[in-house]
Amino acid sequence: MAASATLHCLTGCAIGEVLGMVIGTWTGLANVPTIVLSVVLAFAFGYALTMRGVRKSGLDLRSAFRVALAADTVSILVMEIVDNGIVVAVPGAMDATLGDLLFWGSLAFSLVVAFVVTVPVNKWMIGRGRGHAVVHAHHGH
């Protein structure tokens, strides 16, 4: 269940993270604004994917947003700290262009490591009725 929750979270995070890095690199943004854009988009896409799922169970928009906040905030935060930390730590990765293997390789590697680090966090949270356990309480209603 924790791996599934993390994979779900990683999907939204990856969409936002990659989109933010691509937009930032493509438009020539400095490193900090690029990272901020990536983090904001990761949270937006992560929450949106969760909200889409729980809205299907009949929740109104406000309630779906609350569920998404409860389910994904810690997971996305851990994932973003890990993946951005890795990309920043890899020499030259933040200066690489969209045509560089270093850009894509460091981004892919950072997301894999973020997944591995976040699974135990989600397992711990689910075991305490938090995180994605909140989402599962709304499926099937």
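Taking Ala108 as the residue in question, decide whether it is without any contact (Cβ under 8 Å) to a residue 60 or more places away in the chain and either touching a helix residue (DSSP H, G or I) at 6+ places or on another chain (Cβ under 9 Å) or more than 19 Å from Gly28 (Cβ to Cβ) (or both).
Values: without any contact (Cβ under 8 Å) to a residue 60 or more places away in the chain: yes; either touching a helix residue (DSSP H, G or I) at 6+ places or on another chain (Cβ under 9 Å) or more than 19 Å from Gly28 (Cβ to Cβ) (or both): yes.
Yes.
What are the residue pairs meeting all of these: first residue in the stretch 112-141, first residue within 12 Å of Leu10 (Cβ to Cβ), second residue modelled with pLDDT of 70 or more and charged (D, E, K, R), Cβ atoms under 7 Å, and 6 or more apart or on different chains?
Pairs found: Ala114/Asp83.
Which pairs turn up if I take residues in the stretch 83-102 that are without any contact (Cβ under 8 Å) to a residue 40 or more places away in the chain and look for partners that are of a type in the set (S, T, N, Q) and part of a helix (DSSP H, G or I) with beta carbon separation below 6 Å, at least 6 apart in sequence or on another chain?
Filtered contacts from the stretch 83-102: Ile86/Ser110; Val90/Ser106; Ala93/Ser106.
Taking the conditions exactly as written (more than 17 Å from Ser4 (Cα to Cα), among the basic types (Lys, Arg) and either touching a helix residue (DSSP H, G or I) at 6+ places or on another chain (Cβ under 8 Å) or modelled with pLDDT of 90 or more (or both)), does Arg130 satisfy them or not? First the steps, then the outcome.
Values: more than 17 Å from Ser4 (Cα to Cα): no; among the basic types (Lys, Arg): yes; either touching a helix residue (DSSP H, G or I) at 6+ places or on another chain (Cβ under 8 Å) or modelled with pLDDT of 90 or more (or both): yes.
Considered against the rule, which asks whether it is more than 17 Å from Ser4 (Cα to Cα), among the basic types (Lys, Arg) and either touching a helix residue (DSSP H, G or I) at 6+ places or on another chain (Cβ under 8 Å) or modelled with pLDDT of 90 or more (or both), Arg130 comes out as no.
Inside the stretch 1-113, counting only helices (runs of 4 or more DSSP H) that do not spill past its ends, which hold 2 or more residues that are aliphatic (A, V, I, L, M) and in contact with a Gly (Cβ under 7 Å, 6 or more places away or on another chain)? Working first, answer last.
On the way: elements: 2-27, 31-55, 61-89.
Counting at least 2 such residues, we get 31-55, 61-89.
Can you name every residue in the stretch 58-72 that is touching a residue at least 12 places away in the same chain (Cβ under 8 Å) and either of a type in the set (Gly, Ala, Ser) or under 23 Å from Val119 (Cα atoms) (or both)? Break it down stepwise before answering.
Here is the first cut: in the stretch 58-72, the residues touching a residue at least 12 places away in the same chain (Cβ under 8 Å) are 58-59, 64-65, 67-72.
Scanning the stretch 58-72 gives Gly58, Ala64, Phe65, Val67, Ala68, Leu69, Ala70, Ala71, Asp72.
Output the residues belonging to the stretch 23-56 that are under 14 Å from Ser110 (Cβ atoms), of a type in the set (A, V, I, L, M, F, W, C) and over 11 Å from the mean Cα position of the chain (by Cα). Walk me through it before giving the result.
Step one: filter the stretch 23-56 for residues under 14 Å from Ser110 (Cβ atoms), giving 34-35, 38-39, 42.
From what's left, of a type in the set (A, V, I, L, M, F, W, C): 35, 39, 42.
Scanning the stretch 23-56 gives a single hit, Ile35.
Select from the stretch 67-81 the residues that are more than 12 Å from Ile35 (Cα to Cα) and of a type in the set (A, V, I, L, M, F, W, C) and list them in ascending order. Lay out the reasoning, then the answer.
Step one: list which residues in the stretch 67-81 are more than 12 Å from Ile35 (Cα to Cα), which gives 67-79.
If the condition is that a residue be more than 12 Å from Ile35 (Cα to Cα) and of a type in the set (A, V, I, L, M, F, W, C), then Val67, Ala68, Leu69, Ala70, Ala71, Val74, Ile76, Leu77, Val78, Met79 are the ones that fit.
Suppose the filter is out of contact with any helix residue (DSSP H, G or I) (no Cβ under 9 Å at 6 or more places or on another chain) and over 25 Å from Trp124 (Cβ atoms); does Asp95 pass it? Explain how you work it out, then say what you get.
Details: out of contact with any helix residue (DSSP H, G or I) (no Cβ under 9 Å at 6 or more places or on another chain): no; over 25 Å from Trp124 (Cβ atoms): yes.
No: the conditions fail for Asp95.
So, Gly92, is that one at pLDDT 90 or above and on the phi > 0 side of the Ramachandran plot or not? Spell out the reasoning first.
Details: at pLDDT 90 or above: yes; on the phi > 0 side of the Ramachandran plot: yes.
In short, yes.
The values are calculated or read from the model by the stated rules, or taken from the named source; none is laboratory data. Only a predicted model underlies this, so the values are computations on that prediction, with no experimental measurement involved. Virtual Cβ from ideal backbone geometry, glycine too; neighbours counted across all protein chains shown.
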